[in-house]
1. Considering segment 396-426 alone, what residues qualify as being over 18 Å from the mean Cα position of the chain (by Cα) and more than 18 Å from L333 (Cβ to Cβ)?
2. I need a count of the residues in segment 202-243 that are more than 30 Å from F322 (Cα to Cα) and in a loop (DSSP other than H, G, I, E, B).
3. Quick check: anything in segment 13-22 buried (at least 21 other Cβ atoms within 10 Å of the Cβ), modelled with pLDDT of 85 or more and in contact with a helix residue (DSSP H, G or I) (Cβ under 6 Å, 6 or more places away or on another chain)?
4. Does L26 satisfy the condition of being in contact with a Pro (Cβ under 9 Å, 6 or more places away or on another chain) and of a type outside the set (S, T, N, Q)?
5. When G27 is evaluated against the numbered criteria (1) more than 24 Å from F122 (Cβ to Cβ); (2) surrounded by 16 or more Cβ atoms within 10 Å (Cβ to Cβ), which criterion, by number, is the only one it fails?
6. Need the failing condition index for S323 against (1) more than 21 Å from the chain's Cα centre (by Cα); (2) under 16 Å from G443 (Cα atoms), just the number.
7. Could you list, in sequence order, the residues of segment 214-236 that are of a type outside the set (A, V, I, L, M) and touching a Ser or Thr at 6+ places or on another chain (Cβ under 8 Å)?
8. Looking at segment 459-472, I want the residues that are over 16 Å from M390 (Cβ atoms) and have a partner that is of a type outside the set (D, E) and modelled with pLDDT under 90 with Cβ atoms under 6 Å, at least 6 apart or on another chain. Which pairs are those?
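The values are calculated or read from the model by the stated rules, or taken from the named source; none is laboratory data. These numbers were taken from a predicted model, which means no experiment stands behind them. Ideal geometry is used to build each Cβ from the backbone, glycine not excepted, and the neighbour counts take in all protein chains shown.
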Amino acid sequence: MDLLSFFPEWVLTHGAALLVVLPLLLGAALAVVPSENAAWAISLIVAILCSLIAFALCVQTFGGESLTYAMGGWDPPHGIAYVIDSLSAPVLFLISLMAVLCLLYALPSVRAEVEPKKRAPFYAAFLTCLAGLLGMVTTGDAFNVFVFLEVSSISTYVLVGMGASRDRRALNASFNYLILGSIGATFFVVGLGFLYMETGTLNMADMARILRDLDGGSRVAQVAFAFIIIGLGLKLAMFPLHVWLPGAYAHSPSFVTAFLASTATKAALYLLLRFTFTVYDFEFNYVNSSVMFLLVGFGIAGMVFASLQAIFQTDARRTLAFSSVAQVGYMLLGIGLGTAAGAAAGYLHLINHAVIKGALFICLGAMWYRFGITRIADFRGLSKTMPWTMGAFTISALSLIGVPFTAGFVSKYKLAAAVAGEGWWWAVGVIVVSSILAIIYMGNILKEAYFREPPIVNGEVVARNEAPLMMLIPMWALALASISIGLNSDVIVATANNAAELLFPLADALPGGIFQ
């Protein structure tokens, strides 16, 4: 049965624009909605609609087809084009779906962590952030990328700062994020300025064509590439440009942390792939050498040093935050390998890590919701007091480590196979070492939960007090998704292969395909 037959024609025709316009317009409207319940319901409906539209776009582009939508009827390169292909469509679906799951979790979570008068504006800022993230991935105009990057970033600063009612350190985290995010955006837009000087256009496809005609361009194009990589490196928390991330993740409202951890850095990584392999060309000498040495070097450093930092954290949220920096290192290693198999493995880990880390942060938020705990030492006996929550957390933790039959194992195995195929056995060793370090820092949490007894309060053992159903649904949906991917990864691997084939058009002609 043709899945597209379930969608009306107007969705298939205008889906690319609707993905951005719906949350952007309704986000502005929510700023004046007096009811927090109405704001939450509208946000959830918008996220569901965006998920359905993104799914339809995924189906349309799964076979390699590319869709171009001319905003306002102005054809590119003079008008702004939205481009959907096998690289962007899965990321759009990932962001939209995570928005739905996080919003289910938000109903009890936001009530507990955000002041009543700020809750409706909170959802307005969230929809604005969602519109920015989707716009970053959708647009085919380089300056539009910067605009949407700032739309998502500015609303994120607000969302992080709204955690001040729970933890005053959220204000400091938001300020640090603002400063470093602004620096990253400045580097990025300066790079775009140099690129415009070189090519005379802002349409990304047109930029790519001109750069190839110029055989990579002059030193201006090289300087532009350097600025763009540094700007995006700050946005995606590439080691050592990650200093904003631990504070932002640790002190934000739990809902914000779960959503950002599973979407924001993933959108920035998508842009890194887009600019490195489709706007520029990996065959350009300066791109090849920069990607090979810088991305691989910083990726490896992040995998090791961020994992070591995670071991010595006493706050579980900071442990997972440093873990996110390490996991970004895995993705950078795959991208920096400069092969179709490496890009596919990095892209696969991008998707899998969103599933894993979203579940882990939702579980942590539920633990704070019930018992007000975030310190690892306070997790003692949680397997008895919150068994369902700890069950989902344990599955996701094992997936983060890379235990077989989980999503984490699939992407780590594919990455190890990709680097081994290039003879980089030392990189395989680093992957193994980083995974062992993950066993240590995740094991510290699991040890407290499973091998310590619940605390005694007022002479009685703390009674079982499970998370609300609205929290259990998204955490278990993601935990089961992790197992499902681990047991049958055909669809998700095919999705990653399709993305890599777009970046490396001749990859599917290799003996054995991308993953040999």
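1. Answer for segment 396-426, where residues must be over 18 Å from the mean Cα position of the chain (by Cα) and more than 18 Å from L333 (Cβ to Cβ): L398, V403, P404, F405, T406.
2. Residues in segment 202-243 being more than 30 Å from F322 (Cα to Cα) and in a loop (DSSP other than H, G, I, E, B): 6 in total.
3. Yes; the residues of segment 13-22 include at least one that is buried (at least 21 other Cβ atoms within 10 Å of the Cβ), modelled with pLDDT of 85 or more and in contact with a helix residue (DSSP H, G or I) (Cβ under 6 Å, 6 or more places away or on another chain).
4. No: the conditions fail for L26.
5. (1)
6. (1)
7. Across segment 214-236, the qualifying residues are G217, F225, G231, K235.
8. Correct list of pairs: V461/P454; M470/L107; M470/P108.
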